[in-house]
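The values are calculated or read from the model by the stated rules, or taken from the named source; none is laboratory data. A quick note: this is a predicted structure, and the numbers were derived from the prediction, not measured. Areas reflect the complete protein model, heavy atoms only, side chains present, ligands, DNA and RNA absent. Shrake-Rupley method; radii C 1.70, N 1.55, O 1.52, S 1.80 Å.
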Amino acid sequence: MTVSAKMKLLFVSTPVGPLGSGMGGGVELSLYNIAQEMIRRGHQLQIVAPAGSSWNDLPLVQIPGNLQIIAQSQERTAPITMPENSLLANMWDYTRQVQGDYDLIVNFAYDWLPFYLTPFFGCAIAHLVSMGSLSNALDQIIKQLVKQFPGTIGFHTQTQAATFALEQECPYLSNGIDLSLYDFCSEPKQQLAWVGRIAPEKGLEDAVAASQSTNIPLKVMGKIQDELYWQKICQDYPNAPLEYLGFLSTNQMQQVMGECRALLMTPHWVEAFGNVTIESLACGVPVISYRRGGPAEIVQDGKTGFLVEPDSVPGLIDAIARLDEINRYTCRQQAETEFSLQALGDRFENWFHKILDLRCDFGNS
Ligand code: UDP
């Protein structure tokens, strides 16, 4: 297949929540952006998504069924489980039936089943792994497939891939965003942002502690995924100048974000990428993050933000005090150079073509 060849692509979404709900975290925005860029480039595309998905501007096939439990909430040694009338199984049953109409299936789910099913499919399957290692069973099947189908398992960053301790080199695919949707804001208010799913692995409490110590208001945006965790933060920090704004649309979110002096990223896990990092940079907002996972590969320390010692609230406070050293225009520039839709499209198109070319070489297609 030549690089200019048009592909017929089938994207299979995550089964943890409908697209547009926020339950899928960064996967939702990544899938949306990759899909729209592939369509703009003239490829044929269909998305298999959970029923109740609210995107009307992209071609969706909505599949019913019960949602999958998120991997982050389970023990590493937990066995693989699926509910009755499993949405995940239903999505892959549909995918199996229509596979003959496509050149390539792209799996966005962080679940064991699609990896396991891969050798049983006639159509090529690419897997985009959206989190670091969390489950022994998933690690095992990923290791196996990386050997069996080289090049078909993609990660967002090297530090994310390193958590799987793979022997083979794998493709790394940074995300990208539609920069025209993010306004550059040169003059922020005296406030900070924290954006993401509200769940323990995201470490919101550290940002709240830093906001309380500095007395700089913290605007919190994102889906409350763990209600008890959220309630505990509110109880533990009753005097923090904290304002929860809900799960906002990209447009509303970027408006608030742009008016902030910095985005605080305080993950307690290895963040695979961290879409909010590049959304923040696009608004001209420096990112203060723990030196861990995806943000540590994105943020240019001292130039487009600060990387601080993981889990150190004093480290966050020190970085907040140094924010005047950052030129907000440099932040926007980094987003424009590295994380545009064009750059995203080039990365993914090349990856898809490579997979299909390799398949032709082995005489499989
Ligand atoms: N997000 C949003 N509205 C909000 C808060 C967050 O649309 O009010 C989106 C944000 O654009 C990003 C995603 O939620 O795409 C969070 O993804 P990220 O990669 O940062 O973390 P994940 O949830 O995947 O761990």
Give the separation of the Cα centroids, segment 1-60 to segment 343-358, in Å. 16
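So for the chain, what are the equivalent ellipsoid semi-axes in whole Å, largest first, each being the square root of 5 times an eigenvalue of the Cα gyration tensor? Display every interim value, and only then the final one.
Details: eigenvalues 242, 98, 71 Å².
Semi-axes, largest first: 35, 22, 19 Å.
So between Ser174 and Asp324, what do we pick up on full extension, going 0.36 nm a residue minus the alpha carbon distance?
Details: separation 150, 0.36 × 150 = 54.00 nm, distance 2.82 nm.
That pair, Ser174 and Asp324, stretches by 51.2 nm at full extension.
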Theoretical ellipticity at 222 nm over the chain - DSSP helices of four or more residues, -39500 (n - 2.57) apiece, nearest 500: -11000 deg cm²/dmol
Can you spot the aspartates and glutamates whose alpha carbon is less than 16 Å from Lys303's alpha carbon? Ignore those fewer than 8 places along the same chain. Asp318, Asp324, Glu325, Glu336, Glu338
With everything on Cα atoms, drop me the angle between helix 26-40 and the longest principal axis of the chain, reported from 0 to 90° to the nearest 10. 60
Of the residues Gln235, Gln191, Gln212, which exhibits the maximal mean-square fluctuation in a Gaussian network model of the chain defined by a 10 Å Cα contact cut-off? Gln235
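Quick check on my link table: of Lys6/Lys143; Lys202/Lys223; Lys143/Lys202; Lys189/Lys232; Lys147/Lys354, which ones sit more than 20 Å apart, alpha carbon to alpha carbon? Write down the numbers at each step before the final one.
Numbers: Lys6/Lys143 30 Å; Lys202/Lys223 12 Å; Lys143/Lys202 26 Å; Lys189/Lys232 28 Å; Lys147/Lys354 16 Å.
Result: Lys6/Lys143; Lys143/Lys202; Lys189/Lys232 exceed 20 Å.
Quick one: compute the contact order of the chain, relative version, from alpha carbon pairs under 8 angstrom and 6+ residues apart, as a percent.
Values: 743 pairs, mean separation 59.1, N = 365.
Relative contact order of the chain: 16 percent.
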Please report how far the C-alpha centroid of segment 195-214 lies from that of segment 294-339, rounded to the nearest whole angstrom. 17
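Students sometimes get this wrong: rank Lys202, Lys147 by accessible area, probe 1.4 Å, all chains present, largest first.
The ranking, largest first, comes out as Lys147, Lys202.
Quick one: compute the contact order of segment 78-162, relative version, from alpha carbon pairs under 8 angstrom and 6+ residues apart, as a percent.
Details: 83 pairs, mean separation 23.0, N = 85.
Relative contact order of segment 78-162: 27 percent.
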